[in-house]
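Here the structure is laid out as structure tokens; the discussion comes afterwards.
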Amino acid sequence: MKNKPTAKTKIVSRPSASAIKAGRDKISRFHKDYINVFEDIPEDYQTLKTEAAYLGKLSGHAFLLMAQRLQKIKDLSLYKEDGYRSFKAFVDAEIHMDHSTVYSYMDILEAFGHESLLAVPELEYTKLRPAIPLLKSRGAGVPKAKIRKQFIAKARTSTRKEIAQTAAKLKAQYGLTPTRSSAEALEGVAFLPEA
């Protein structure tokens with residue numbers, strides 16, 4: 001077999017034109033149904049509250065699913081099929097979303113894993129951002145599995161501020177805090193006037 005895949009080979013199967021059309025039709029039907037369900041704003045508080053909570057959970061989950069798809073497009077350079085030279089150009093033209101938001105969700109997905117995040121559907125994913133530098137670090141001795149589990153548990157019960165404080169303490173503990181900048185080092189230093 002001449003084209004036998006190796007560990008370095010990435011296989012991307014090309015769907016047929018009818019499969020692509022069927023996928024687009026499915027998304028179109030879903031979008032119409034979604035709009036029909038939520039188009040009318042309820043009058044009563046309980047229904048408003050229930051729908052708002054549902055939409056909030058749905059939007060977080062939708063961001064995660066979007067990140068999963070964008071990560072695959074990026075990893076396999078699939079954006080080149082449409083002639084884009086970079087993933088950034090693709091995001092600008094096709095996704096119409098702030099890059100920091102896109103990369104933030106992709107980082108969360110990479111750092112925590114899709115299965116871990118989906119196991120806790122009520123999770124507010126953006127609360128996990130402060131842990132990303134810990135989980136992406138290459139430092140020896142950083143217990144990533146333990147940190148991952150700890151932050152998922154904390155995100156369910158703690159505030160953003162509490163989570164950020166925990167992350168800051170752990171970063172300091174594992175030597176991941178940045179050193180003082182030159183500007184901070186020069187703060188309070190008196191300079192002689194130029195002659």
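The values are calculated or read from the model by the stated rules, or taken from the named source; none is laboratory data. Quick caveat, the model's predicted, so the values are computed rather than measured. Virtual Cβ from ideal backbone geometry, glycine too; neighbours counted across all protein chains shown.
Quick look at the numbers
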read-out: Unmet requirement for ALA167, which otherwise passes all of (1) assigned to a loop (DSSP other than H, G, I, E, B); (2) at pLDDT 90 or above; value: (1)
read-out: Residues (surrounded by fewer than 18 Cβ atoms within 10 Å (Cβ to Cβ), at pLDDT 90 or above and either in contact with a Leu (Cβ under 9 Å, 6 or more places away or on another chain) or among the polar types (S, T, N, Q) (or both)) located in region 134-147; value: LYS144
read-out: Filtered residue count, region 121-164, keeping only those that are in a helix (DSSP H, G or I), of a type in the set (S, T, N, Q) and either within 18 Å of SER104 (Cα to Cα) or in contact with a Ser or Thr (Cβ under 9 Å, 6 or more places away or on another chain) (or both); value: 2
read-out: Test: LEU109 is closer than 26 Å to ARG148 by Cα and in contact with a Phe, Trp or Tyr (Cβ under 9 Å, 6 or more places away or on another chain); value: yes
read-out: Condition broken by ARG156, with the remaining ones in (1) loosely packed, with under 14 Cβ neighbours inside 10 Å; (2) touching a Leu at 6+ places or on another chain (Cβ under 9 Å); (3) over 30 Å from ILE41 (Cβ atoms); (4) at pLDDT below 90 satisfied; value: (3)
read-out: Among residues of region 111-120, those that are assigned to a helix (DSSP H, G or I) and touching a helix residue (DSSP H, G or I) at 6+ places or on another chain (Cβ under 7 Å), counted; value: 5
read-out: Output for region 90-109, where each listed residue is under 8 Å from the mean Cα position of the chain (by Cα) and among the aliphatic types (A, V, I, L, M); value: VAL102, MET106, ILE108, LEU109
read-out: Sole exception among (1) assigned to a loop (DSSP other than H, G, I, E, B); (2) under 22 Å from SER77 (Cα atoms); (3) at pLDDT 80 or above for ARG24, by number; value: (1)
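So that you can scan it fast, the table gives a plain yes or no per residue for (1) among the hydrophobic types (A, V, I, L, M, F, W, C); (2) loosely packed, with under 12 Cβ neighbours inside 10 Å; (3) touching an Asp or Glu at 6+ places or on another chain (Cβ under 9 Å):
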site	(1), (2), (3)
ASP25	no, yes, no
ASP44	no, yes, no
GLY60	no, no, yes
ASP82	no, yes, yes
PHE90	yes, no, yes
TYR105	no, no, no
LEU118	yes, no, no
